[in-house]
Amino acid sequence: MPEIAPQRAVRYDLRMTLFTLPFTNPVEFFISLAIGGGFVYIFQKAAMSQEQRETSWVKRFVTSPNSKVLWGALFVGWAVVFGLLLGSFEDKTAHSPYGSVGLIALFSGFFVMMGFIWASIGE
């Protein structure tokens, strides 16, 4: 009687999953495609825009001497909110679901501080 060969484990070819993504997850694929296209559109508009003076609301709220107070208050608010929020999590690793909140805190804090520096130095 011939031996029966052991059943092989199913091995997925990971190289092909990128090509089958539009068929296996069409909604997620097209949402990510739209977001990526939006980024490209914004970057292209920013790169092709001509050099121009700032508009009145930018001059009033972002680069005026009093805007240091606005950006300083935004920074203090950012520090209080994310300090209390991130300090309340028990699992403080990046692998936890709360790591995404930490990443948002990192990026938003960077932009708030860059706005504060721009308002302070731009006088």
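We did not get these values from a lab; they are worked out from the coordinates using the rules stated. Keep in mind that what you see is a predicted model, and the values were worked out from it rather than measured. Neighbour counts run over all protein chains shown; Cβ positions are idealised from the backbone, glycine included.
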ask   = To the nearest 0.05, how large is the calculated FRET efficiency for residue 113 and residue 21 if R₀ is 30 Å and r is the Cβ-Cβ distance?
value = 0.20
remark   = Placing each pseudo-label 7 Å from Cα in the direction of the beta carbon, residue 76 and residue 28 end up separated by a distance in nanometres of 4.3
query = Mind ordering 26-37, 104-115 by average Cβ neighbours within 10 Å, highest first?
reply = 104-115, 26-37
ask   = Given 25, 121, 38, which one lies farthest toward the positive end of the charge dipole of segment 14-121, if we put +1 on the Cβ of every Lys and Arg and -1 on the Cβ of every Asp and Glu?
value = 121
inquiry  = If you filter segment 23-84 for trypsin sites (Lys or Arg not before Pro), then keep DSSP loop positions with at most 12 other Cβ within 10 Å, what is left?
reply    = 53
query = How high is the FRET efficiency from residue 46 to residue 88, r the C-beta distance, R0 35 Å, rounded to 0.05?
reply = 0.40
request  = Decide, for segment 14-121, between rounded, prolate and oblate: order the square roots of the alpha carbon gyration tensor eigenvalues as a ≥ b ≥ c, take rounded if a/c falls under 1.5, and otherwise choose prolate if a/b is larger than b/c, else oblate.
outcome  = oblate
